[in-house]
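In what follows, a structure is listed as structure tokens, so that the remarks can point back to it.
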Amino acid sequence: MNFGSILLWGFVATIVLTAMMQGGQSLGLSRMSLPFMLGTMFTPNRDRAAVIGFLVHLLAGWLFGFLYALAFEDWHRATWWLGAGVGLVHGAAVLLVLMPVLPGFHPRMATEERGPEPTRELEPPGFLALNYGRGTPLLTLLAHLVYGAIIGGFYRLAGG
């Protein structure tokens, strides 16, 4: 595995994905902030949650970058379109697998069955994270597709 390449392009791809998601939130396309959601798992302080969540999201982006690189090494090729395909699957997994189970282990998120409480003040994502806005699924898929395309397009195979 080409560690230098994945450290660089995993970082770049994560920054672009985060910028797209935060930009979409600022434009009113979605109310979902992945860094904020992650940060509130560690602290109830909303200001600190944004910073902690950004760092956790960055580390997660690098971790997923390594998984993408493992796939590319196994396939003996890395292209933007392979990366985009993996990114699309990644984004679908976030929406279809992670978001539905998130209220079950997030200490500050209400569930569909139990509403907000003093310690559970975040709204649950709902199906496809639609509770965070109708544009959330499309924005999430597009951002993950771009994430994958960046890694696939710029990652250099080991020995290549």
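A short reminder: the numbers here are calculations on the coordinates, not readings from a lab. Since the structure is predicted, the reported quantities are computational estimates derived from the model, not experimental observations. Please note: Cβ atoms are built from the backbone with ideal geometry, for glycine as well, and neighbour counts cover all protein chains shown.
With both labels modelled 7 Å from their Cα along Cα-to-Cβ, the Phe3 to Ala93 distance reads 2.3 nm.
Compared with the alpha-carbon gap, the fully stretched path from Thr79 to Val16 is longer by 20.9 nm at 0.36 nm per residue. Projected onto its three principal axes, the C-alpha set of the chain covers 54, 28, 28 Å, listed from the longest axis down. Between helix 80-93 and the chain there is an angle of about 20 degrees, using the helix long axis and the longest principal axis of the Cα atoms.
When the alpha-carbon atoms of the stretch 43-137 are used, the pair Rg, Dmax equals 16.3, 51 angstrom. The trypsin sites (Lys or Arg not before Pro) of the stretch 34-95 meeting both criteria, a DSSP state outside H, G, I, E and B (loop) and at most 12 other C-beta atoms within 10 angstrom of the site's C-beta, are Arg77.
Subtracting the Cα-Cα distance of Phe42 and Arg156 from their residue separation scaled by 0.36 nm leaves 37.5 nm.
The order of the peptides 123-134, 145-156 by mean Cβ neighbours within 10 Å, most packed first, is 145-156, 123-134.
For the chain, the mean residue ellipticity at 222 nm estimated from helices alone is -21000 deg cm²/dmol, where every DSSP H run of n ≥ 4 contributes -39500 (n - 2.57) and the total is divided by all residues, rounded to the nearest 500. May I ask for the angle, rounded to the nearest 10°, between helix 3-26 and the longest principal axis of the chain, with both axes built from Cα atoms and the value confined to 0 to 90°? Value to nearest ten degrees: 40. Anyone know which of His106, His144, His76 comes out most mobile in the 10 Å Cα GNM of the chain? Ranking His106, His144, His76 by mean-square fluctuation puts His76 first.
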